[in-house]
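Colleague: This structure is in structure tokens; I'll ask about it shortly.
The values are calculated or read from the model by the stated rules, or taken from the named source; none is laboratory data. If you're wondering where the values come from, they're calculated on a predicted model, not measured in any experiment. Cβ placement follows ideal geometry from the backbone for every residue including glycine, while neighbour counts extend to all protein chains displayed.
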């Protein structure tokens, strides 16, 4: 499943195996029909995907089609990219049995650092970006050190980090906003992939072609994986389900690509996001590193007795989180075209909620990249949809809170029944 | 003759497992009655029934206290009559003061408001009775184990104790503190208090007990009266271990070869009690094809020895050498120990051995991920093949290897753990209580697997508290007690009596002074100094 792990199709395409977290119980006792069995065994993953589609459709109808207008769809991507990117790091942190409350502050702080470097010191984009990512890594290392080697609960360390970096961002900016950034830097979040081909109507053909290629690659990957599993006599999902799923995935991606190419094409940040999602899916599901993170989160003492260097791994998940928080902060700053002391406020809540809505377990050891991405998209869709509908920020929060609680309750209920 | 307590024909089952099948004994007023028996003989279960932890109705038989049949619904029922139990793991709250601990359930005062002055006065009085001179405000965590034990006794006294039950009270005390505790028990006896002393230290028992009841396999097999003369230790041992050895072990002819692993001068100290040396300068070796047993009672240091050896997973200030196939190896971390050819199958399968929420195949590969990956990328198909192969060879009964480990029975879980360690291709496997919590049929399979591993040229070390098991499968049995090896027997010479004798004869009191390691001596001196100050 290495080669079809982009975007929303992921949780579905993994139905043949249950992944490192293994959400599915042995199905031999349940149901008679193969189809029913597969749906039941992968209820969580199908359920999450179906929820995302349902929420999308709901807002599409309620907003009279505003939601999926090319402009709004583009905005949706731009608004949520940094949440999705940070959710990738947070997923690893949560899977390894920890939490990071500081990501919002760290994102804000690195945005401030970028502004100081670029606006006040006139550093170029590359130097600024690298310095900021390194700063993020350093912050992650500083926090991870206490958590991993001194066994201080991550909740406390990162709560402290949240205060510290919120304060440092404020101090660095002197309480003022700082901007604007160079146009090259702005392209990070508000640029679009270059168009070489002539426009067809108002469609950008390169973006459309790229979308179709990605969708086709995912389907081809799924078909090849299925064949490989069958050759090795591993259970695969029933043919009708497989076809239905892949047609749906292909259709949705191509449809969205068509929509988005009707505005200004694929945003740069969507490419960054897609590459990172693919990378983290691969690392978590197919590498020894990923396997070890799940092992540490699932049973840290058994993992240690299996020769896994649990402290180092915990440390590294926080370093990684720091880098991704910094990247999120850069993208956010580039999008606003200014660094403000308030940047990053409350990001940690959206990011953590995305992971839990996406099926990660608060006890560690369980959670998938695809789930976290869907969770982030559900949060983003709700933010955007409710804003279009004119629902105030007050009730938006109430509803988001209830969705988070509901999603986790359904998850726990399903697990208990299994 | 009057009795204060009589337990008649007590029987207790846990599901299909019979913990107690028929236990009867009685305690007279002002008597110290000792209960002894092997691990798992049923001592603790019996005391939980007596104290109401297992309520009336969950067991068969009668408890008669003060001439009346009693049916305790919970701990409070027995405590109201003055039956107080002090467990081996002390039930004190470390960050509360001595006085607060003594009156934790029944503080003096009115309407839920604690009268602190009264508590202090009464606490000081109770503490004096047990020989504690500390201030009642001292936090329990600042006291040593011996003094904490005394706090427990003071707590019992505060509840108007009439029958005091002590479960292995001296297990973690040094000789001097043990002696002081036993003297205290004798002093209480002179005042008419009855007590039940659970202990496996026969020298202690014979010093203070009036009568000794021996439990074996959930039955009371005899009561020895020692008021008219000291008890015969051999008789106690014979009662403790006399058991038929059925054909529960697969026949096996060992093929013992070259020296595989030698451990020299191994020492380790307790991580939380830095003045306690848990492993005392021991030597050990295993040959290829050999199954070596380590016998000993709970707390003898067997698991601590194995885990300190396996990547320093237990203990601090570990020293000593490990030589594998003639070469000194580094076993300072778990991954280095694995690389050196060592594997440790834990006694606590669920907590330390398995990822219960993960699939069988992921459990099997976890300790040797390099074996299924290239450049850090896992080959799922290879992993699956390997897992299926082990499932067939080890006869793990599951629909497939995608089954969650947590859904398997104990025996099958143990086979998964064994598969996991065999996949690391170790030279020496240390198996800690490999058949704990496993039914008889699966035990036989595990024994056969251990023998197969030995026959393939590996060295196997089996730690077990079940002596018949060690006698049944081991080519050599080393006996451990108090962090030292105190005896070694070949398969031909070993017997339960000899092992038990090696253990009880080696307890510190009866040892000639010259053989006590200097650490112990200095320990005794330092605790003496601490006591004097």
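Colleague: Go through (1) away from chain B (no Cβ under 11 Å); (2) over 25 Å from residue A:329 (Cβ atoms) and name the single condition residue A:300 misses.
Modeller: Only one criterion is unmet by residue A:300, namely (1).
Colleague: Right, next: Among A:194, A:198, which is the only one that is under 30 Å from residue A:340 (Cα atoms), more than 22 Å from the chain's Cα centre (by Cα) and without any contact (Cβ under 8 Å) to a residue 24 or more places away in the chain?
Modeller: A:194
Colleague: Then there is this: Within the stretch B:430-441, is even one residue within 12 Å of another protein chain (Cβ to nearest Cβ) and either assigned to a helix (DSSP H, G or I) or touching a residue at least 12 places away in the same chain (Cβ under 8 Å) (or both)?
Modeller: Taking every residue of the stretch B:430-441 in turn, at least one turns out to be within 12 Å of another protein chain (Cβ to nearest Cβ) and either assigned to a helix (DSSP H, G or I) or touching a residue at least 12 places away in the same chain (Cβ under 8 Å) (or both).
Colleague: In the stretch B:38-59, is there at least one residue being at pLDDT 85 or above and part of a strand (DSSP E or B)?
Modeller: no
Colleague: Next question, about the same structure. So residue A:346 clears everything in (1) at positive phi; (2) within 14 Å of chain B (Cβ to nearest Cβ) except one condition, right? Which one?
Modeller: That leaves (2) as the condition not met.
Colleague: Give just the number: which of (1) surrounded by fewer than 21 Cβ atoms within 10 Å (Cβ to Cβ); (2) within 25 Å of the chain's Cα centre (by Cα); (3) within 13 Å of chain A (Cβ to nearest Cβ) does residue B:354 not satisfy?
Modeller: Unmet condition: (1).
Colleague: Taking the criterion of being buried (at least 22 other Cβ atoms within 10 Å of the Cβ), in contact with a strand residue (DSSP E or B) (Cβ under 6 Å, 6 or more places away or on another chain), in the same structural domain as residue B:167 (by TED's automatic domain parsing) and over 18 Å from residue B:224 (Cα atoms), would at least one residue in the stretch B:69-83 satisfy it?
Modeller: Yes, the stretch B:69-83 has at least one match.
Colleague: Which condition breaks for residue B:367 when tested against (1) buried (at least 22 other Cβ atoms within 10 Å of the Cβ); (2) more than 11 Å from chain A (Cβ to nearest Cβ); (3) outside any loop (DSSP other than H, G, I, E, B)?
Modeller: (2)
Colleague: So, of the residues in the stretch B:317-332 that are touching a helix residue (DSSP H, G or I) at 6+ places or on another chain (Cβ under 9 Å) and either at negative phi or facing another protein chain (nearest Cβ under 7 Å) (or both), which turns out to be surrounded by the most Cβ atoms within 10 Å (Cβ to Cβ)? Outline the logic, then answer.
Modeller: Residues of the stretch B:317-332 touching a helix residue (DSSP H, G or I) at 6+ places or on another chain (Cβ under 9 Å): B:318, B:320, B:322, B:329-331.
Adding the requirement that they be either at negative phi or facing another protein chain (nearest Cβ under 7 Å) (or both) leaves B:318, B:322, B:329-331.
Values: B:318: 17, B:322: 21, B:329: 17, B:330: 11, B:331: 25.
The qualifying residue surrounded by the most Cβ atoms within 10 Å (Cβ to Cβ) is B:331.
Colleague: Quick one: is residue B:272 assigned to a loop (DSSP other than H, G, I, E, B), away from every other protein chain (no Cβ under 14 Å) and either free of Cβ contacts under 8 Å to residues at least 12 places away in the same chain or surrounded by fewer than 20 Cβ atoms within 10 Å (Cβ to Cβ) (or both)?
Modeller: Judged against the criteria, residue B:272 is a match.
Colleague: For the stretch B:370-379, give me each residue that is surrounded by 20 or more Cβ atoms within 10 Å (Cβ to Cβ) and more than 7 Å from chain A (Cβ to nearest Cβ).
Modeller: B:372
Colleague: Before we move on, is residue B:313 part of a loop (DSSP other than H, G, I, E, B), within 14 Å of chain A (Cβ to nearest Cβ) and farther than 25 Å from residue B:474 by Cα?
Modeller: Here the answer is yes, as residue B:313 does meet what is asked.
Colleague: On the given criteria, is residue B:93 surrounded by 14 or more Cβ atoms within 10 Å (Cβ to Cβ) and under 26 Å from the mean Cα position of the chain (by Cα)? First the steps, then the outcome.
Modeller: On the way: surrounded by 14 or more Cβ atoms within 10 Å (Cβ to Cβ): no; under 26 Å from the mean Cα position of the chain (by Cα): yes.
Judged against the criteria, residue B:93 is not a match.
Colleague: Pick from the stretch A:303-322 the residues that are surrounded by 23 or more Cβ atoms within 10 Å (Cβ to Cβ) and more than 14 Å from every other protein chain (Cβ to nearest Cβ): which of them is nearest to the chain's Cα centre (by Cα)?
Modeller: A:321
Colleague: Looking at (1) more than 14 Å from the chain's Cα centre (by Cα); (2) away from chain B (no Cβ under 14 Å); (3) surrounded by 22 or more Cβ atoms within 10 Å (Cβ to Cβ), which is the only condition residue A:268 fails?
Modeller: (3) is the only condition that residue A:268 fails.
Colleague: Considering only residues that are assigned to a helix (DSSP H, G or I) and within 16 Å of residue A:291 (Cα to Cα), which ones fall in the stretch A:89-101? Write out each step before concluding.
Modeller: Residues of the stretch A:89-101 that are assigned to a helix (DSSP H, G or I), as a first pass: A:89-95.
Matches in the stretch A:89-101: A:89, A:91, A:92, A:93, A:94, A:95.
Colleague: Follow-up. In the stretch B:473-490, what residues are surrounded by fewer than 23 Cβ atoms within 10 Å (Cβ to Cβ), at pLDDT 90 or above and either outside the structural domain of residue B:291 (by TED's automatic domain parsing) or not in a strand (DSSP E or B) (or both)?
Modeller: If the condition is that a residue be surrounded by fewer than 23 Cβ atoms within 10 Å (Cβ to Cβ), at pLDDT 90 or above and either outside the structural domain of residue B:291 (by TED's automatic domain parsing) or not in a strand (DSSP E or B) (or both), then B:475 is the only one that fits.
Colleague: Still on this structure, please answer the following. When you check residue A:259 against the structure, is it in contact (Cβ under 8 Å) with a residue 12 or more places away in the chain, away from chain B (no Cβ under 14 Å) and within 19 Å of the chain's Cα centre (by Cα), yes or no?
Modeller: no
Colleague: In the stretch A:162-188, which residues are touching a strand residue (DSSP E or B) at 6+ places or on another chain (Cβ under 7 Å) and either more than 22 Å from residue A:347 (Cα to Cα) or without any contact (Cβ under 8 Å) to a residue 24 or more places away in the chain (or both)?
Modeller: none
Colleague: What is the one condition in (1) part of a helix (DSSP H, G or I); (2) more than 8 Å from every other protein chain (Cβ to nearest Cβ); (3) under 26 Å from the mean Cα position of the chain (by Cα) that residue B:337 does not satisfy?
Modeller: Of the numbered conditions (1) part of a helix (DSSP H, G or I); (2) more than 8 Å from every other protein chain (Cβ to nearest Cβ); (3) under 26 Å from the mean Cα position of the chain (by Cα), the odd one out for residue B:337 is (2).
Colleague: Collect the residues in the stretch B:385-401 that are surrounded by 22 or more Cβ atoms within 10 Å (Cβ to Cβ) and within 12 Å of chain A (Cβ to nearest Cβ), keeping them in residue-number order.
Modeller: Correct list: B:387, B:401.
Colleague: With A:254, A:236, A:247, A:220 as the choices, which residue is in contact with a helix residue (DSSP H, G or I) (Cβ under 9 Å, 6 or more places away or on another chain), outside any helix (DSSP H, G or I), more than 10 Å from chain B (Cβ to nearest Cβ) and farther than 30 Å from residue A:111 by Cα?
Modeller: That would be A:236, the only listed residue that is in contact with a helix residue (DSSP H, G or I) (Cβ under 9 Å, 6 or more places away or on another chain), outside any helix (DSSP H, G or I), more than 10 Å from chain B (Cβ to nearest Cβ) and farther than 30 Å from residue A:111 by Cα.
Colleague: Which count do you get for residues in the stretch B:402-429 that are out of contact with any helix residue (DSSP H, G or I) (no Cβ under 9 Å at 6 or more places or on another chain) and either at pLDDT below 90 or within 10 Å of chain A (Cβ to nearest Cβ) (or both)?
Modeller: 1
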